[in-house]
Each structure stands twice: as structure tokens, then as C-alpha cells.
Amino acid sequence: MTAAARVAPKDYFSTEEWAPLARKSAWKGPALIAHAWLVILAAAAMAMAFPITIPLAVMIIGARQLGLAILMHDAAHGALHPDLKVNDWLGEHLTPGGLVQYRTYHLGHHKFAQQAEDPDLGLSAPFPITALSLRRKIMRDLTGQTHFKQRWAPLFRRIAERTPDQSVLGILGRFVRSRPRFFIGAAVTIAATAPFGFWWAWFVLWWLPSATWLPLVTRLRNIAEHACIAKDEPDPLRHARTTRASLIERMFLAPYFVNYHCEHHMFMHVPCYNLPSTHRLLKAKGVMAGMLTAPSYRDVLRQASSKPVRADRGGGPTPEDRGVERALIQ
């Protein structure tokens, strides 16, 4: 297997320039985790006080759920805290979790970025797709269909395909035990809010964002990072894309500097909060001209949905469309 080409910090930075970029802070990573949870709590409080703001709260909370996943991603790179034990504890217990398994998988993506062995290649290979196909995917995300396929369809499939010696209650019990955070979090939140008349808070202000807005922004983030990049791309400055993000996009789509994805692939151990400084320094050195960048998320989506609709298919899903759907729900 051929690993993707890599760059070395010394190719672009002096020792004095590189040291602050690579430095891991003992407080910035934990502060970002605290920020994500505080924003979630503030949005939930806003929605409970003013129910008319529930749609806005769903978008804010869904974006911070993605933010927590992004911070777990930083922990997978050992970049959330200088003490690796603290780093791993934060990444396992204060973010979505599953850090060890994710680290093994994700480092394989970096090692083989955009090469045949890249485990994430299925996310980018089908693009570009048609605009109609992209709209269908967005609608499936926002209506919870993607979430159902990811989280619940396997359970119903196991129940439907059970053998005579398997009981429905046994299958349900194993399913619940395999997702302790989900069910314990639901039970604790409902118990804490129900006495005040907010029994619905967990369903509307945690589960609904995770079933609708989170799948959408996860998809759009994946598209921005690697869509329309050639398989076996030899240039390490073009294995991933950096996308300029406005304040609104950082609030609702690209939290915690995730839009600096080219810089992240070039220097994967740089903490996320140092990526803007890395970007500015590379720009000052004239390196940006050779990097894969986009002026906006709208521009990336335009590229990713530029495939013409074939008249003989009537705009229906292509095999490539179904392939990316399978990749996104694994």
C-alpha cells in the first residue's frame, strides 16, 4: 500500500515560527469543550423560555453537537491537551466518545488521504453529483431519514431477521446496553426537566438536533473537505480543502476551525485553535496559491453538485449517489 505524500513543518516554517503553532495548551482545548456545552445549555434555555425560538435552537445545538465531534477528532490526534491521559479522558468522556476506535480509523484516513486505501474515500469519490441529488440528500437529512438509517434501521433489521431462539426483548436489551450514553442521558435529562413541565426538552432540544441538523452539517462538512478531489492525488497540498467561513457559517456549520482542513492535513498534530494562525502564516509566505481552497461553502456545493442530470434517468439516483449514501451512514 502506498501512503499519501506528506509535508514537513521545516519545509515551510522556521523553528521559531513552528513552535507556537505546534504547542498544545492545557486550557484552550478544555475551554472549547466547555464552550460547546455552555452554548448547548444556553440555546436549550432560550427555547424553553421562548418556544418560538425552537427552530433556531435546533440549529445551534446541532452545530455544537458537530463541534463536540470535532473536538473528539482533535483528541484523536492528541491535540486537545498536552497530557495524553487528560487528552484521552476529555475526548472519551466529554465528547461523543469511542475515541480509541475512531483514532485507529481516522489515522488511516490521514496516512492514505485520497489514495485507494483511504477508508474515507467513499465519501468523496462519487462527486460531483447532480443538484437534484444533493437536494434529495439534504431533505433526507433534515427529515431524519439519514439518522434513522444510521441509528435505528439496524435494530429493526435485527428484529425482523431474528432466529427462533432470539427474543425481541433480548435484542432491545443489547441495543440499549450498546448505547449507554444515549439512554442514560435521556433518562437523566427527562427526570431533571419533567418536574418543571419540560418533559419534552430532551426529545426536542437534543434528539431532534442530532436527528436533523447534525446529519446535514456533517454531510456539508464532508463535502467541503474532500469532494471533487482526484483519487490518488499526489500533491499533499491538495488532499483536502480549506473553505473560507463567515461568522454565520462558523456558528451553524463549521465550528471550532474545522474549515481549515487543508492545513489540518498538512500538519495534523496542530491543535484546531492554532489552525487560523497556520493559515495566515502560510498565506504570508505565498503557499496558499498551491493549496486547495474555496472562497465559500456555497462555492464548494456548486462544484459538488455540478454533474448534469442525464435525461434517460429522469434525474433519479445514480449508483454513485447510492454509494455516497452508504458511506455516510456507516
**OP:** Filter region 234-245 for residues that are surrounded by 23 or more Cβ atoms within 10 Å (Cβ to Cβ) and closer than 29 Å to PRO209 by Cα and give the result.
**Re:** ALA240, ARG241, THR242, THR243
**OP:** For region 246-266, name all the residues that are crowded, with 21+ Cβ neighbours inside 10 Å and among the hydrophobic types (A, V, I, L, M, F, W, C).
**Re:** LEU253, ALA254, PHE257, VAL258, CYS262, MET266
**OP:** List every residue pair whose Cβ atoms lie under 6 Å apart, where the two residues are 6 or more positions apart in sequence or sit on different chains, the first residue falls within region 13-37 and is under 10 Å from HIS81 (Cα atoms), and the second residue, located anywhere, is outside any loop (DSSP other than H, G, I, E, B).
**Re:** LYS28/TYR273
Original post:
Could you say which residue among PHE196, PHE183 is surrounded by 13 or more Cβ atoms within 10 Å (Cβ to Cβ), modelled with pLDDT of 95 or more and aromatic (Phe, Trp, Tyr)?
Top reply: PHE183
**OP:** Determine, yes or no, whether SER277 is modelled with pLDDT of 95 or more, over 19 Å from the mean Cα position of the chain (by Cα) and assigned to a helix (DSSP H, G or I).
**Re:** yes
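Restricting attention to region 189-243, which residues are on the phi > 0 side of the Ramachandran plot and small (Gly, Ala, Ser)? I'd like the intermediate steps shown before the answer.
Filtering region 189-243 for residues on the phi > 0 side of the Ramachandran plot gives 197, 228, 232.
Hit for region 189-243 is GLY197, nothing else.
Matching residues to (1) β-branched (Val, Ile, Thr); (2) within 15 Å of the chain's Cα centre (by Cα); (3) closer than 19 Å to ALA76 by Cα:
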site	(1), (2), (3)
LEU94	no, no, yes
GLN101	no, no, yes
THR104	yes, no, yes
LYS111	no, no, yes
GLN114	no, no, no
ALA131	no, no, no
ARG135	no, no, no
Subject >> Residues of region 120-148 satisfying the condition of being small (Gly, Ala, Ser) and part of a loop (DSSP other than H, G, I, E, B) >> reply: ALA125, GLY144
Original post:
Is region 39-57 home to any residue that is assigned to a loop (DSSP other than H, G, I, E, B), closer than 24 Å to ALA211 by Cα, of a type in the set (A, V, I, L, M, F, W, C) and modelled with pLDDT of 95 or more?
Top reply: yes
Original post:
Are any of the residues in region 109-119 in a helix (DSSP H, G or I) and free of Cβ contacts under 8 Å to residues at least 24 places away in the same chain?
Top reply: yes
**OP:** Filter region 70-84 down to the residues that are among the aliphatic types (A, V, I, L, M) and part of a loop (DSSP other than H, G, I, E, B), then identify the one that is nearest to MET268 (Cα to Cα).
**Re:** ALA79
Original post:
Residue check, ALA194 against (1) assigned to a helix (DSSP H, G or I); (2) within 29 Å of ILE138 (Cα to Cα), all met but one. Which one?
Top reply: (2)
**OP:** Return a yes/no flag: does region 90-106 have any residue that is without any contact (Cβ under 8 Å) to a residue 24 or more places away in the chain, in a helix (DSSP H, G or I) and under 25 Å from LEU292 (Cα atoms).
**Re:** yes
Original post:
Going through region 160-179 one residue at a time, which ones are closer than 28 Å to TRP213 by Cα and aliphatic (A, V, I, L, M)?
Top reply: LEU172, VAL176
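The values are calculated or read from the model by the stated rules, or taken from the named source; none is laboratory data. Bear in mind the structure is a predicted one, so any value in this text is a computation, not a measurement. Using ideal geometry, Cβ is built from the backbone for each residue, glycine included, and neighbour counts are taken over all protein chains shown.
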